[in-house]
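For reference, the structure discussed in these notes is given below.
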Amino acid sequence: MILQTKDLTKIYRVGKEEVPALRGVNFELDVGDFVVINGPSGSGKTTFLNLIACIDKPTSGEVFIEGQPTSQLSEGQLAELRKRKIGLVFQTFNLIPVLSAFENVEYPLLLLGLSRAERRRRVMALLEEVGLKDLANRRPDELSGGQRQRVAIARALVTDPKLVLADEPTANLDSETGKQVMAIMRRLNEEHHVAFLVVTHDPVVTQYAQRTVKIRDGQLFDGGRTNGA
Amino acid sequence: MELKLLIPLRNLLRNRRRTLLSLAIIALGTAMIYAVRGYVDESMLNIRAGTVRQFGNFQIASPLLWAEKTENFQYLIPPERVSQIAEILRTIPEVTAYTAQLNLSGLAITERKTKVVRATALEPQNRALDYNDLVERGSGLAPADRATVLIGRTLAEELQLQPGSFFTLTTTTVDGAYNVGPLQVAGIYTLNNAIVERQLIFMPLGYGQTLLDTPGVTKIIVKITNIDDTDRVAALVQRKLTEAGLDFEVRTWEQLAEFYRQIRGFFNVLFGFLTIAVSVLVFFIVLQVLTLSFLERTREVGTIRAIGTKRYQVFLMFFMESVFLGLLGSLIGIAGGWLAGQGFNALGIGWTPPGAIEPVPVQLRLELGNALWPFLISVMATAFSALYPALHSARLNVVEALASK
Ligand SMILES: Nc1ncnc2c1ncn2[C@@H]1O[C@H](COP(=O)(O)OP(=O)(O)O)[C@@H](O)[C@H]1O
Ligand SMILES: [Mg+2]
């Protein structure tokens, strides 16, 4: 098991008011899974993903990555964990605008301190897999939305993570491009045996899921297994 | 490597107008400090050279003279002591020349007017203190001269004296007797200093001794090969004097020239203020610019932190950006300051300092040693201004940073 959450709750405090965003979430993800969590806006998807990504702390409960509890880890240890085990894909792509596609994908490898040759090999391999080998030198603002998201996917996978988390990866794309992006993610999931957890309110995305889970008002409801598209 | 180099450099190119503004401010500040440094340095060198010309590198006299306590002439150095001192000086290779000097004062009297004057009596054409260089009209003093003097331009105007004119000098001898000497003006000197030109006259040592009725001298003035060796050679001479049992004290030009120390102190304060003012200005303007441009990257910071960049790495990326900005701006400032300074020097602008009679040229000493301090100051002011914004960015909450527009 790559990921497990136990009784995860998150309560935001706004002034004197308490906003419960997650109410006791138990969730498991296996190696190589492709799971889509589907729910309306405000249901707690981003909150949940942030907790799993170890960039936010739960109010109570625990996140286990590869069986290891994360709540006691230091800021530095969490950064290390994110760097090595987790890949992230964002709704707004979040590429570094001053870096080329190649350099954006290379960035996590710089953090890992890999050699120049090794970095080049890995970056080019992934850019090829997402079909952007020829656009490696373009800056993000010279790429279309779909191309940017493919660069982001390559960046998420370049470190060979155990788990890729994607928050509404198609929300800023037209539906055709969204489908292409989902197809790429699904293919990489199979080829790299890396687990994907995608949260979305886009029903199209669920077509690509191996397993769909519904989220509403901070609670999960298992939607059962499918074969994906 | 690339994190601290590539990304900061790219980010500098990101908003070119903003970067250019910062560079201009940094460069301007650097150039200003450089120019003032160059002016102060050139002025101090000139004043130093002028002071040494006036005082020699160091002087030897009785402690009584330096203590300025005696009203009578007890401090005078008798002839046999003068030769003992001269013997010591001859053993020191750095000493290029020395001369005995006798100081006296009196009244210069013509048919129309009377003026208080101070006289410096020297061996004519000695190589330690050659006032003949300053003669503008008439001739200098020759070794065979007796009752001839050099007088300043201002005194000549006031007493209406020309080269060849005569006037009378009344003095008091070392025994308190009244003495009168008829003197002929050999030449008129200029020093571009109204007070000196009004008061100071030069005469042969022998005639000064006649006027005071003494074989003694006030002090011995020593010239050495290199100004920078002054303190060392002066200390050596002092030691030899003491070893020889001679109760005389060495004073260097720097100890003697109080005005030199005052000017240096004044310049240091002026330069200090300017440095502080300029760096504070650079600091605040660059702080504004960097704060703005770092804030615009809040979501980027959230992104790179989320994918595993550590806080110190974020800090370094932003901080290095300011270091590059500072280095580049300062280099531009030095280069621009050098060019502008050369242009300024070529214009040959002059000003008349207080007490001077003629304008002196304002020149900037632009040697690279004078660029080092302005360079460092600007780089530091820029780097300091990045400290807080970079720290702020490094400490952003990841989730909030990601959620920001
Ligand atoms: N920083 C926050 N402060 C207060 N309330 C928040 C904050 N972030 C999210 N929420 C609230 O928590 C709930 C879940 O939000 P979120 O996880 O962003 O949902 P989703 O991603 O599914 O749209 C919503 O009601 C939202 O208003
Ligand atoms: Mg959301």
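The values are calculated or read from the model by the stated rules, or taken from the named source; none is laboratory data. Please read all numbers here as calculations on a predicted model, not as lab measurements. All Cβ positions, glycine included, derive from the backbone under ideal geometry; neighbour counts span all protein chains shown. Ligands, DNA and RNA are excluded from the accessible area calculation, which covers all protein heavy atoms including side chains. Shrake-Rupley method; radii C 1.70, N 1.55, O 1.52, S 1.80 Å.
Would you confirm whether any residue within segment B:185-193 is without any contact (Cβ under 8 Å) to a residue 40 or more places away in the chain and on the phi < 0 side of the Ramachandran plot?
Scanning segment B:185-193, I find no residue that is without any contact (Cβ under 8 Å) to a residue 40 or more places away in the chain and on the phi < 0 side of the Ramachandran plot, so the answer is no.
Name every residue in segment B:10-22 that is more than 9 Å from chain A (Cβ to nearest Cβ) and either within 16 Å of residue B:313 (Cβ to Cβ) or surrounded by 22 or more Cβ atoms within 10 Å (Cβ to Cβ) (or both), in order of residue number.
B:22
Could you list, in sequence order, all residues of segment A:98-120 that are touching a Lys or Arg at 6+ places or on another chain (Cβ under 8 Å), more than 10 Å from chain B (Cβ to nearest Cβ) and small (Gly, Ala, Ser)?
The one that is touching a Lys or Arg at 6+ places or on another chain (Cβ under 8 Å), more than 10 Å from chain B (Cβ to nearest Cβ) and small (Gly, Ala, Ser): A:101.
Of the residues that sit in segment A:81-92 and are open to solvent by less than 50 Å² (accessible area, probe 1.4 Å) and charged (D, E, K, R), which one is farthest from the other protein chains (Cβ to nearest Cβ)?
This residue is A:82.
Among the candidates A:95, A:73, A:29, which residue alone is touching a residue at least 40 places away in the same chain (Cβ under 8 Å), within 14 Å of another protein chain (Cβ to nearest Cβ) and of a type in the set (A, V, I, L, M)?
Answer to the selection: A:95.
When segment A:127-152 is examined, which residues are found to be basic (Lys, Arg) and either modelled with pLDDT under 95 or open to solvent by less than 70 Å² (accessible area, probe 1.4 Å) (or both)?
Scanning segment A:127-152 gives a single hit, A:150.
Any idea which residue in segment B:117-132 is nearest to residue B:79 (Cα to Cα), counting only those that are in contact (Cβ under 8 Å) with a residue 60 or more places away in the chain and not aliphatic (A, V, I, L, M)?
If we take residues in segment B:117-132 being in contact (Cβ under 8 Å) with a residue 60 or more places away in the chain and not aliphatic (A, V, I, L, M), then B:123 is nearest to residue B:79 (Cα to Cα).
What number of residues within segment A:13-26 are within 14 Å of chain B (Cβ to nearest Cβ) and either touching a residue at least 24 places away in the same chain (Cβ under 8 Å) or more than 9 Å from ligand 1 (Cβ to nearest atom) (or both)?
Of the residues in that region, 2 qualify.
Tell me whether segment A:154-169 contains one or more residues that are more than 14 Å from chain B (Cβ to nearest Cβ) and either in contact with a strand residue (DSSP E or B) (Cβ under 8 Å, 6 or more places away or on another chain) or surrounded by fewer than 16 Cβ atoms within 10 Å (Cβ to Cβ) (or both).
yes
Based on this model, can you work out whether residue A:122 counts as of a type outside the set (Phe, Trp, Tyr), surrounded by 20 or more Cβ atoms within 10 Å (Cβ to Cβ) and more than 16 Å from ligand 2 (Cβ to nearest atom)? Reasoning before the result, please.
Numbers: of a type outside the set (Phe, Trp, Tyr): yes; surrounded by 20 or more Cβ atoms within 10 Å (Cβ to Cβ): yes; more than 16 Å from ligand 2 (Cβ to nearest atom): yes.
Yes, satisfied.
Just to be sure before I move on: is residue B:341 outside any loop (DSSP other than H, G, I, E, B), more than 28 Å from residue B:389 (Cβ to Cβ), within 25 Å of the chain's Cα centre (by Cα) and not acidic (Asp, Glu) in the structure I sent?
Working: outside any loop (DSSP other than H, G, I, E, B): yes; more than 28 Å from residue B:389 (Cβ to Cβ): yes; within 25 Å of the chain's Cα centre (by Cα): yes; not acidic (Asp, Glu): yes.
Against the criterion (outside any loop (DSSP other than H, G, I, E, B), more than 28 Å from residue B:389 (Cβ to Cβ), within 25 Å of the chain's Cα centre (by Cα) and not acidic (Asp, Glu)), residue B:341 qualifies.
Scan segment B:388-405 residue by residue and report those that are assigned to a helix (DSSP H, G or I) and either within 22 Å of residue B:308 (Cα to Cα) or touching a strand residue (DSSP E or B) at 6+ places or on another chain (Cβ under 6 Å) (or both).
B:389, B:390, B:391, B:392, B:393, B:394, B:398, B:399, B:400, B:401, B:402, B:403
Looking only at segment B:356-373, decide whether some residue is away from ligand 1 (no atom under 16 Å from the Cβ), open to solvent by 60 Å² or more (accessible area, probe 1.4 Å), assigned by TED's automatic domain parsing to the domain that holds residue B:44 and over 41 Å from the mean Cα position of the chain (by Cα).
no
Does residue B:12 meet the test of being under 30 Å from residue B:335 (Cβ atoms) and assigned to a helix (DSSP H, G or I)? Quick ask: steps written out before the conclusion?
Details: under 30 Å from residue B:335 (Cβ atoms): yes; assigned to a helix (DSSP H, G or I): yes.
The answer is yes for residue B:12.
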